[in-house]
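Trainee: Below is the structure I would like to discuss, written out as structure tokens.
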Amino acid sequence: MSALESAIPHLAVVGHPNKGKSSVVSCLIEDDSVLTSPLSGTTQAAMTYDFQQQQRCLFRLIDTPGFQRARRVLAWLQQSQPNAAQRPQRLAEFVALAAHQQQFPDEVALLTPLLAGAAILYVVDGSLPYGPEYEAEMEILRWTGVPRMALINPIHNSNFVDAWRAALGQYFQTVQVFNPLTADLSQRLQLFECFARLEPQWSSSVQRLHRLLLAEFERQWQQSLELVAAYWQKQVRFQKTPLLGSAIQQHQLQQFAEQLDQHERELIEQLKQLWHHAHLPLEREALQIDQTNLMQQHNWYLWGLSERDLYLLAGLSGALVGAAAGGLAAGVSAVAGLVVGGVAGGLGAWFASHKLPGSHWGWLPLGGSRQHIGPVVHPNFPLVVMARVLTLLQALIHRAHARRDQVQLVAEPLLASHWPRPAQLSLSRWAQRIQSNKGINETELMDWIRERLMQQPKSM
Amino acid sequence: MVVLDRELDLQHQSLWSSLILLAAFVLGLFTGAGSLAYQPQGRINLLLVWGLWAGLPALLWLVGWIFWFWQPRSARQLPASDLLPLWSGLGLQQLSFARFWLWWQWFWLMFAAGLLAVFGWLLVFSDLAFAWSSTLIQDAGLLQRVLAVIALPWSAWWPQAVPSLSLIELTQYNRIQPEVSQVMPFGQWWSFLLASTLCYNLGPRLINVLILLWITRKSPAAAQWTPTSPTAVIAEVLAPLQTLNRQQLPDNAQFLFWQLTNLERAHFAELGLVLGWHSYQHDEQALAQLVPGDLCCWWVSALHTPTAELSDLIQQARLAGIDKHVLGCVVSQPELPSQAVSWQHFCQQQSLAWLT
């Protein structure tokens, strides 16, 4: 083993079949592509997994097939009755024999990395009682003489954890309870601390690992907030303008709805990649849009004024002219002139808003109207969009990579109804501002998202 | 990895295959019409047409069979060749070639049919004037001897289709010096050409089709196997799960308890061997107590998973003459998920009956 390899934690995950070895590997290296199955004997060969950050290997795990013939192997090893110093050599002889590749392929596969210097991570099921059938395995592992730690995986319950601790403590330097299906970052960090205790020369590597994992977690958080904020704004303001002169067809409304759904799918893929859940089994109901209110008509006046602008301009202009005219007479007339002028201007704007669209002054158009599809103005839409993405993001953040159960995303999650009323109103107000082409404070939006995520229960 | 092309299976001819075969027929029509076209003052060069209609197809037929038998033996030794029945003797690569070749024979059959169709049409509705012309062969006698050999297959039952010396002499044709007399048997070559086409083109193709149909139909199981990807894992071929009701256990069934706890063993009134707890030598010696011929009933815990050590012991018992084994699961903690699926899989692998 090279000096570089010996400086980083590298452990072979060993144990009886079907005790969660591959799940432990999947969880620790944050890779949901590791093959796991409820059927025993899924792992048939030793597979090496490197955990890398910033193009640097921080630790290495070797997933191994389970012990299949532990007692036979122990019987063979004990034939020559080696003393303690001779036992590692005896194991090397066992592995080196060509016939044993055929007779004991699983034991050869799991012992080879141990003889190359990997430490032992022995996994047992804390929900089943301890039995003497495990002692042959533990005895073989003890013969290797390499650093050893045991993980009690409470697959179904923790009924027998104490009994296991009592037994494992006699064979292993460290015993930890660890459930790969529920472990979060803090629990994984605790486990990595145990690596440092197992082998002192790994201390600096483990500290670096700790630092980098936390930094990476923060980066993932920050990037998630940015992605969600950008996506939400995009969905809220999304609008399509058909070609000039063409009426909006039903299929265009359908396309619009599909594009909104496509935006969500794209965001989901980005988040999955960000949180290393590339193989997440997701069952997703499509984003539902009420197509009946998607069509919008926009009138413009006098080369770009909106209806509101027209009223303001006309009213102000009228008020100024009226005030000026009245002011020439006397102070009282100035106020009356302001009021009358403002009202007259408003009335004129109202008249113009009905007459200008489509009219021309010579060749110059004085007003016009355009039809658009979207944005979606239903008041629930911004809430539903945000609730969906936060539901999924919560799942991605807290989901252990060893899990293989399906995640479901329904059309309208109940999540939004759990938000405080002020939070809902804030989101609605931001949506209205965006749809009115006004800017919002993105930092505030991201803080809002972060707050919702931290308050959300970890339901998935 | 070799992937068998299901499209070549004539039992499931796709639309495309039918269209291509139709195109082959049409191509044959045009080729036939083209090769039988001639100027009024000219003649159809019989040797050239014969070469195109009979000579070349016969040569290619021969080449095909040479290639079939010439394929290196190593090409047959593919990983999945063990899946094929022994009597087929074919590797996957050869089977793939056979199916491909079969399709080509259909193609050329349709082509020949097109040729013959236009030939027959022109024979009936037009006059065809054949003459032979060659730069190298000038001796009519030599040509007659060669053609007699070629005509051997049908000379006995269709002697009119064997060209005579007089026909050959009379129909020799020189393009730069065409001498045409009024009465010339130019059309009498039609029978030789027809017989040659039937014997050296259509006939061998038909024979090929029959042989290849027989070959490819004899290996249906292999023909169905298609790996899904280059890294596809060949699934285990497992025996079907046989089941046996506990009530059907004979009185002399021998009970063995594999790694059952005391609590789990307490469910059984019968006594039996307790294996899996002590050393492996102890288990091997315990198996020696079993009576050959009697049924062995293995009881295992539903909470545990099968290991190869158990299969080794079962194998040892089989070698000692105990060939009937059943396996049953004890469920001591029903609230926990059972490993029954793993145990059933184990039964299939070891050919054990599953006790219900």
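Trainee: For helix A:307-329, what angle does its Cα long axis make with the longest principal axis of chain A, in degrees from 0 to 90 and rounded to 10?
Mentor: The two axes meet at around 40 degrees.
Trainee: Given an 8 Å cut-off on Cα distances and at least 6 residues of separation, report the relative contact order of chain A as a percent.
Mentor: Computed over chain A, the figure is 15 percent.
Trainee: Would you calculate, for chain A, the mean residue ellipticity at 222 nm contributed by helices, counting each DSSP H stretch of 4 or more residues as -39,500 (n - 2.57) and dividing by all residues, to the nearest 500? Before the final figure, lay out the partial values.
Mentor: Details: 17 runs with 241 residues, N = 460.
Estimated from H runs of four or more residues: -17000 deg cm²/dmol.
Trainee: Show me B:243-255, A:191-203 ranked by packing, highest mean number of other Cβ atoms within 10 Å first.
Mentor: In descending order of packing, they fall as A:191-203, B:243-255.
Trainee: From the C-alpha gyration tensor of the stretch A:148-292, pull out the three semi-axes of the equivalent ellipsoid (sqrt of 5λ each), sorted largest to smallest, in whole Å. All intermediate terms of the calculation are to be shown ahead of the outcome.
Mentor: Values: eigenvalues 520, 73, 16 Å².
Gyration-tensor ellipsoid for the stretch A:148-292: 51, 19, 9 Å.
Trainee: Restrict the search to the stretch B:282-356; then list the GluC sites (Glu not before Pro) that DSSP places in a loop and that have at most 14 other Cβ atoms within 10 Å of their Cβ. Each step should come with its number before you reach the end.
Mentor: Values: sites: B:284, B:309, B:335; in loops: B:335.
Within the stretch B:282-356, the qualifying GluC sites (Glu not before Pro) (loop, at most 14 other Cβ atoms within 10 Å) are B:335.
Trainee: I need the peptides A:343-354, B:148-159 ranked by packing, meaning the mean over residues of other C-beta atoms within 10 angstrom, with the highest value on top.
Mentor: A:343-354, B:148-159
Trainee: In Å and on Cα atoms, what radius of gyration and Dmax does chain A show?
Mentor: According to the Cα coordinates of chain A, Rg and Dmax are 34.2, 125 Å.
Trainee: Taking 0.36 nm per residue of sequence separation and subtracting the Cα-Cα distance, how much length would be gained by fully extending the chain between residue A:266 and residue A:85, in nm to one decimal?
Mentor: Between residue A:266 and residue A:85, full extension yields 59.2 nm more.
Trainee: Okay, moving on. At residue A:221 and residue A:432, where each label point lies 7 Å from the Cα along Cα→Cβ, what is the point-to-point distance in nanometres?
Mentor: About 3.3 nm separates the two model spin labels.
Trainee: Output the Kirkwood hydrodynamic radius of the stretch A:21-128, Cα pairs only, in Å rounded to one decimal.
Mentor: Radius from the Kirkwood sum: 15.5 Å.
Trainee: Let me ask you something else. Within a 10 angstrom radius of each residue's Cβ in A:127-133, how many Cβ atoms of other chains show up on average? Whole number is fine.
Mentor: Other-chain Cβ atoms within 10 Å of each residue's Cβ, averaged: 5.
Trainee: Compute the acute angle (0 to 90°) between the alpha-carbon long axis of helix A:331-355 and the principal axis of greatest extent of the alpha-carbon atoms of chain A; round to the nearest 10°.
Mentor: 70
Trainee: Sticking with this one: In Å² (nearest 100), what accessible area is buried between A and B, both sides summed, heavy protein atoms only, 1.4 Å probe?
Mentor: 1900
Trainee: Here is a further query. In whole Å, what is the distance between the alpha-carbon centres of the stretch B:189-217 and the stretch B:327-342?
Mentor: 65
Trainee: Over the stretch A:141-224, what percent of the accessible surface lies on carbon and sulfur atoms, probe 1.4 Å?
Mentor: Numbers: 1800 of 3780 Å².
Carbon and sulfur: 48 percent of the exposed surface of the stretch A:141-224.
Trainee: Per-residue Cβ counts within 10 Å, from other chains only, averaged over B:300-311: what number is that?
Mentor: 6
Trainee: If amide H atoms are built 1.01 Å from N in the plane of the peptide, which residues on other chains or at least 5 residues away come under 5 Å of the amide H of residue A:58?
Mentor: Placed amide hydrogens put A:51, A:52, A:53 under 5 Å from residue A:58.
Trainee: Still on this structure, please answer the following. Express the accessible area of chain A per residue in Å², computed with a 1.4 Å probe while the remaining protein chains stay in the model.
Mentor: Roughly 48 Å² per residue, with all protein chains present.
Trainee: Here's something else I'd like to know. How big is the gap, in Å, between the Cα center of the stretch A:107-137 and the Cα center of the stretch B:284-304?
Mentor: One Cα centre to the other: 26 Å.
Trainee: Using the Kirkwood radius over Cα pairs, work out the Stokes-Einstein diffusion coefficient for the stretch A:157-231 at 20 °C and 1.002 mPa s, in µm²/s as a whole number. Present the calculation step by step, with values, prior to reporting the outcome.
Mentor: On the way: Rh = 14.9 Å.
It diffuses with D of about 144 µm²/s by this estimate.
Trainee: What whole number of Å gives the distance from the Cα centroid of the stretch A:390-443 to the Cα centroid of the stretch B:123-147?
Mentor: One Cα centre to the other: 90 Å.
Trainee: Considering every residue in A:67-74, what mean count of other chain Cβ atoms within 10 Å of its Cβ is obtained?
Mentor: 5
Trainee: Could I ask something else about it? Given H placed 1.01 Å from N in the peptide plane, which residues other than close sequence neighbours of residue A:408 have an amide H under 5 Å from its amide H?
Mentor: A:283
The values are calculated or read from the model by the stated rules, or taken from the named source; none is laboratory data. All values reported here derive from a predicted model rather than from experimental measurement. So basically every Cβ, Gly included, is an ideal-geometry build from the backbone, and we count neighbours across all protein chains shown. What goes into the accessible areas is simple: the full protein's heavy atoms, side chains included, and nothing from ligands, DNA or RNA. Shrake-Rupley method; radii C 1.70, N 1.55, O 1.52, S 1.80 Å.
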